[in-house]
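The values are calculated or read from the model by the stated rules, or taken from the named source; none is laboratory data. Everything numeric in this text was worked out from a predicted model, so none of it was measured. Heads up, the Cβs are rebuilt from the backbone with ideal geometry, glycines too, and the neighbour counts pull from every protein chain shown.
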Amino acid sequence: MKYSPKIKKLLTNKFFVNSFWYTFATMLPPLTGIILLPVFTKYFTPGEYGIFTTVQSYVWILQLLMILSLHGAITRLYYDYKENSKEQKEYLGSVVMFTVVFAGLISALLLLLKPIVGPLLFKNIPIDPYYDILIYFALSSSLSLVPMAILRAQERAKSFVVINIIKSVIVMAVTSIAVIFMNKGPEAALFSFIIAGIGTGLGYVGVLYKSVRLSFKKQYIKQSLAFSIPLLPHVISGWAITASSRFILEKFVSLDELGRFSLAAQMAMVLGMLYTGVNNAFVPRYTRLMKDRKENEANKIMKYFQVGVIVLGVLAIIFSLLVIEWLLPPKYNGVSGILIFLLTAEIVRGFYFVVVARLFYIKNTKIVGISSVSAATVNVGVNLILIPIIGVWGAVVAAIAAELTRFIFNLYQERRYLNKKLQAESQE
């Protein structure tokens, strides 16, 4: 098949190819959920599905706290050592060692505090067995985040994809066997992720052992923590914006209502993961181009990202409504209306990624953190006010309000930075 020169150039462009592979790999977890959707909706009640996705939402934030979001530091600081491979390996080894030790200690502490923490997390969801599953699930997931970040920084997209495919296959196989043939509930589906996490962890060891030299040098750990800790408010608020609604809903609505909202949120998350996948390829590439003073090329790929946000958003709305029409049984009626508004919030989030890339490059993570905390405050506040009054629709309003808050705040800060830069250049 013959291609035009422009298409040939696009297909051989490393950024485009890596974007495709990273997007595909990042999409695998939500795609796995979509593939298993007929199983979940047939064998789980809305309440059981609510339990399954709510525990997953807790895992999302807990895994990041277990490693203090250090995977975010790697995608930025990795390039500071590109001229010295020995230092680069020792830097990566120090971060890996620290995350293993710290995550293990946090997990042990949380298991000891189960009688205190368990009732704070769960009201309608049974503490046993879901609290223990939550901790082990979060631990196995957290230990994969740093290796994933290393592969992204090294732009080893194919290795990244292969490992994530293996993980998804394990999850689908174990879940299908347990739920369909053994008649198990949400706990079995959640446990499949723990098994998959252990398997992929071994895969990362095999792929990265030559890139990492195990060490525990304080200067590397301090440097990474100095970058990642200011991002923790951003990380926590990101969870508050996307998932805290389920924490609050679990206290005020029935598990069935929680399940219907959770299904809509899970489907909307597919679009969010699409944006995240492109962003995972975009940020390292953008950082490298800016570091090499290729600003025109950097701005060009930023424009591609903006167009991608719009196109992917429109396609996601159409596809999601078709999935609901074809796959969902009557017990899940009411999901489509919620889903459209949650997808709108995700589109706003896509534009937020575009704006924040420049702020990350100039290492202005403090501003990003402030904006995210502000958005999270809006989200939690609106949730607490509206959920007791209008139920799940309060969570929908909160999601849109929060995404608009942080997008507008960061857009203002980006424009401010650009104006200062233009003024400085005009005075030279």
Collect the residues in segment 283-326 that are under 22 Å from the mean Cα position of the chain (by Cα) and modelled with pLDDT under 80, keeping them in residue-number order.
-> Val283, Pro284, Arg285, Tyr286, Thr287, Ile301, Met302
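Test Val348 against the stated conditions and say whether it is touching a Phe, Trp or Tyr at 6+ places or on another chain (Cβ under 7 Å), at pLDDT 90 or above, assigned to a helix (DSSP H, G or I) and not hydroxyl-bearing (Ser, Thr, Tyr).
yes
Would you confirm whether any residue within segment 208-224 is under 30 Å from Thr45 (Cα atoms) and part of a loop (DSSP other than H, G, I, E, B)?
no
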Residue satisfying all of: in segment 1-52; in a loop (DSSP other than H, G, I, E, B) and not aromatic (Phe, Trp, Tyr); modelled with the lowest pLDDT among these | Met1
Among the residues of segment 232-268, write down those that are surrounded by fewer than 23 Cβ atoms within 10 Å (Cβ to Cβ), in a helix (DSSP H, G or I) and among the hydrophobic types (A, V, I, L, M, F, W, C).
-> Leu232, Val235, Ile236, Trp239, Phe247, Ile248, Phe252, Leu255
Residues (of a type in the set (Gly, Ala, Ser) and in contact (Cβ under 8 Å) with a residue 40 or more places away in the chain) located in segment 65-105 | Ser69, Gly72, Ala73, Gly93, Ser94, Ala103
Select from segment 75-120 the residues that are within 25 Å of Gly277 (Cβ to Cβ), buried (at least 17 other Cβ atoms within 10 Å of the Cβ) and among the hydroxyl-bearing types (Ser, Thr, Tyr) and write down the one among them that is modelled with the lowest pLDDT.
-> Thr75
Among Ile367, Ile362, Ile340, Ile385, which is under 24 Å from Gly238 (Cα atoms), surrounded by fewer than 18 Cβ atoms within 10 Å (Cβ to Cβ) and modelled with pLDDT under 90?
-> Ile362
Answer yes or no as to whether Ile133 is surrounded by 17 or more Cβ atoms within 10 Å (Cβ to Cβ) and either at pLDDT 95 or above or in contact with a Phe, Trp or Tyr (Cβ under 9 Å, 6 or more places away or on another chain) (or both).
-> yes
